[in-house]
1. Size of the dipole of the stretch 3-104 about the Cα centre, Lys and Arg at +1 and Asp and Glu at -1 on the beta carbon, nothing else charged, in debye to 20?
2. Can you compute the modelled spin-label distance between ASN23 and GLU70, with each label point 7 Å from Cα toward Cβ, in nm?
3. Let me check against my output: what whole-number percent is the relative contact order of the chain, with C-alpha pairs under 8 Å and at least 6 apart?
4. Find the lysine pairs in the chain meeting two conditions, Cα atoms under 21 Å apart and a separation of 8 or more places or different chains, and report how many there are.
5. Convert each backbone phi in the stretch 58-69 into a coupling constant with the Karplus relation 6.51 cos²θ - 1.76 cosθ + 1.60 (shift: θ = phi - 60°), then list the ³J(HN,Hα) values in order as whole Hz, x for Gly and Pro.
6. Would you mind computing, in nm to one decimal, how far apart the modelled labels at LYS45 and ARG77 are, each placed 7 Å from Cα along Cα→Cβ?
7. Using helices alone, what [θ] at 222 nm do you get for the chain, with -39,500 (n - 2.57) per DSSP H run of 4 or more residues, divided over all residues and rounded to the nearest 500?
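None of the figures in this text is laboratory data; all of them are computed from the coordinates on show. Bear in mind that the values here come from a model prediction, so they are computed numbers and not experimental data. Don't worry about glycine lacking a Cβ; one is built from the backbone with ideal geometry, like all the others, and counts go over all protein chains shown.
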Amino acid sequence: MRVVFGIDVSKASSEVAVFVDTNRTMSYRITNDAIGFSRLLEDLKTVSSPEIIFEATGVYSRCLQAFLEENHYSYVRLNPLESKKQMDGLRVRKTDKIDAEKLAL
């Protein structure tokens, strides 16, 4: 079973989309602070070896990256230009929620 957390990071919050294999099981928004990251950590702890994918968004993604490293989670940090190029061909409209889902797939 493959569990993927796709996270679209913005300035104050992040959209999280969780997929088991290719089925979205949940999506939600967290704040980019200790409260939001504790919510994410609760879900990460329920899974053995989750895959975590997010875009490098400069200063906005640094807190998420530090949080994941402090909690010993591996992650994939995508170059935003590459992920934008890949997702532009797939999306009809753009929202942070849709971007989080596309990152997870």
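1. Working: 14 positive and 15 negative charges, 73 e Å.
Rounded to the nearest 20 debye, it is 340 debye.
2. 3.5 nm
3. Values: 173 pairs, mean separation 37.8, N = 105.
Once normalised by length, the contact order is 36 percent.
4. Within the chain, the lysine pair count is 11.
5. x, 5, 5, 8, 5, 5, 4, 4, 4, 4, 5, 5
6. 2.5 nm
7. On the way: 4 runs with 41 residues, N = 105.
The helix-only estimate for the chain comes to -11500 deg cm²/dmol at 222 nm.
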